[in-house]
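The values are calculated or read from the model by the stated rules, or taken from the named source; none is laboratory data. None of these values were measured; they are calculated from a predicted model. Glycine also receives a Cβ, built like all others from the backbone with ideal geometry; neighbour counts cover every protein chain displayed. Just so you know, the surface numbers come from the protein's heavy atoms only, side chains and all, with ligands and any DNA or RNA stripped out. Shrake-Rupley method; radii C 1.70, N 1.55, O 1.52, S 1.80 Å.
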Amino acid sequence: MLQAKNEYDELVTPALMTRQELENLRGQAHVCPLCKQSVVLRAGHKVIAHFAHHIADTCPDIDKGEGVYHERGKLLLYRWLLQQFPSTVTLETWLPDIQQRPDLYLEIGHKKIAIEYQCARISANEIHKRNRGYAQLGITPIWILGANHFKRLHRYRFRLNLFIKQFIHIFSPGFPQTLFFFHPETSEIAIVKDIYETDSKRALGRITICRVGDLMFNELFGSEQFDSMTLLRLWKEEKRRFRAAPLKRQYGTNLVWHQWLYEKGSHREHLPAIVHLPVPTQHLMKTPLWNWQSRLCIDLLIPLTLGRPITLECCIDHVKSHCSPSLHSFKTYHPVYCYLSWLVLLGIMKEVAPNVFIKHQLIPVPNHIEAAIAMDQIMLEELSKKLSTIEA
């Protein structure tokens, strides 16, 4: 732990002290703020100065050894916030009602915020448990991942896996999906906004990297998004990669999808151009874009008669096994609604009433890879034209 209480019941943070102050601190009695058991000062040259319980202690929140990387990052973030909120930010505050201790706790006006600096992998159950606990107390959790989880591939591309996806923030409907990464060695924070998952391992996002000391806390929550032309330009490459990717040995949900395609008498090369369109809330789905979008397209939309209505509820129900349990129907940010919105823009579907659509145009199906790539290009160019007209 980075803090303990002295004989005057004052919180002491040795990591903020000079070497001489640490020497003066040795020999003084300190206790854990939570369990009141005595703790030991550890302040060598290779570790962040901190306090530790004795091995036999039974504190309900006894330190499990978070590591120097985590401790240094937590301390730097604390110093950063302390300059902006000297009277309302606290380090390692114990919340007895939910038996949790966020790395940092902050109050801004009536807003209560818990900041978790997460460097090690933890289970999905633990993440959900902590988030539920904070929700009980009306606290907004902000997860900042260690930069050890961040791998940038390109100006707009980065690695995205199942673990990282759990920390995507959507602070309000319409707010761009956001991830935070912090590197304690360089004091740099990476802010990734407006995230579009392209496959199970990669995503597009607006990436900003800056020194945390040059940033104000409220600047973490800007609403920067891709302009439509940039997104579609980037997506052209993603569509080509999807079509031309060599067929490797399949397993898991991908194997099931390929078997389903075979049963439908189709193949990846024969999928309509409207399959594999960018959806900002794709991280709320269990399967890749092409999986659930192709099922909607082949099972429901292609057979649908022109002019016949279909509801959003029907579409969601058809792919409900592909949806995360956290998704709720009839939200404008639902991935299925986002997908149907693209089809409305293309003129393939028309929304005739809230969440009710009719098929307005036939959906062409390519019969070979060259035709598929050409149709993809035509479709994306058509989207660009439509969007440029709307935004003009």
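Per-structure values
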read-out: All positions within region 187-208 that are farther than 22 Å from residue 80 by Cα, in a strand (DSSP E or B) and of a type in the set (Ser, Thr, Tyr); value: 196
read-out: Flag for residue 231 being closer than 30 Å to residue 171 by Cβ, free of Cβ contacts under 8 Å to residues at least 60 places away in the same chain, surrounded by 14 or more Cβ atoms within 10 Å (Cβ to Cβ) and over 23 Å from the mean Cα position of the chain (by Cα); value: no
read-out: Criterion violated by residue 282 - all others in (1) open to solvent by 40 Å² or more (accessible area, probe 1.4 Å); (2) touching an Asp or Glu at 6+ places or on another chain (Cβ under 9 Å) satisfied; value: (1)
read-out: Filtered residue count, region 349-392, keeping only those that are surrounded by 14 or more Cβ atoms within 10 Å (Cβ to Cβ) and more than 19 Å from residue 236 (Cβ to Cβ); value: 11
read-out: Hits in region 105-126 - residues which are among the hydrophobic types (A, V, I, L, M, F, W, C), touching a residue at least 24 places away in the same chain (Cβ under 8 Å) and over 17 Å from residue 171 (Cβ atoms); value: 119, 120, 124
read-out: Residue 296, sole failed condition from (1) open to solvent by 10 Å² or more (accessible area, probe 1.4 Å); (2) in contact (Cβ under 8 Å) with a residue 12 or more places away in the chain; (3) closer than 30 Å to residue 166 by Cβ; value: (1)
read-out: Sole exception among (1) at pLDDT 95 or above; (2) touching a Leu at 6+ places or on another chain (Cβ under 7 Å); (3) surrounded by fewer than 20 Cβ atoms within 10 Å (Cβ to Cβ) for residue 274, by number; value: (3)
read-out: Test: residue in region 209-222 that is in a loop (DSSP other than H, G, I, E, B), at pLDDT 95 or above and open to solvent by 60 Å² or more (accessible area, probe 1.4 Å); value: yes
read-out: Residue match in region 351-359 (condition: more than 19 Å from residue 289 (Cβ to Cβ), modelled with pLDDT under 95 and touching an Asp or Glu at 6+ places or on another chain (Cβ under 8 Å)); value: yes
read-out: Lone unmet requirement of (1) under 26 Å from residue 167 (Cβ atoms); (2) open to solvent by less than 20 Å² (accessible area, probe 1.4 Å); (3) out of contact with any strand residue (DSSP E or B) (no Cβ under 6 Å at 6 or more places or on another chain) for residue 301; value: (1)
read-out: Checking residue 101 against (1) closer than 30 Å to residue 49 by Cα; (2) modelled with pLDDT of 95 or more, the condition it does not meet; value: (2)
read-out: Counted residues, region 234-269 - those being in contact (Cβ under 8 Å) with a residue 24 or more places away in the chain, open to solvent by less than 60 Å² (accessible area, probe 1.4 Å) and under 16 Å from residue 296 (Cα atoms); value: 5
read-out: Some residue of region 130-137 being under 23 Å from residue 95 (Cβ atoms), within 15 Å of the chain's Cα centre (by Cα) and hydroxyl-bearing (Ser, Thr, Tyr); value: no
read-out: In region 87-98, residue surrounded by the fewest Cβ atoms within 10 Å (Cβ to Cβ) [restricted to those that are out of contact with any Phe, Trp or Tyr (no Cβ under 6 Å at 6 or more places or on another chain) and hydroxyl-bearing (Ser, Thr, Tyr)]; value: 87
read-out: Answer residue from region 233-271, given it is of a type outside the set (A, V, I, L, M, F, W, C), touching a Leu at 6+ places or on another chain (Cβ under 9 Å) and more than 17 Å from residue 363 (Cα to Cα) and is modelled with the lowest pLDDT among those; value: 249
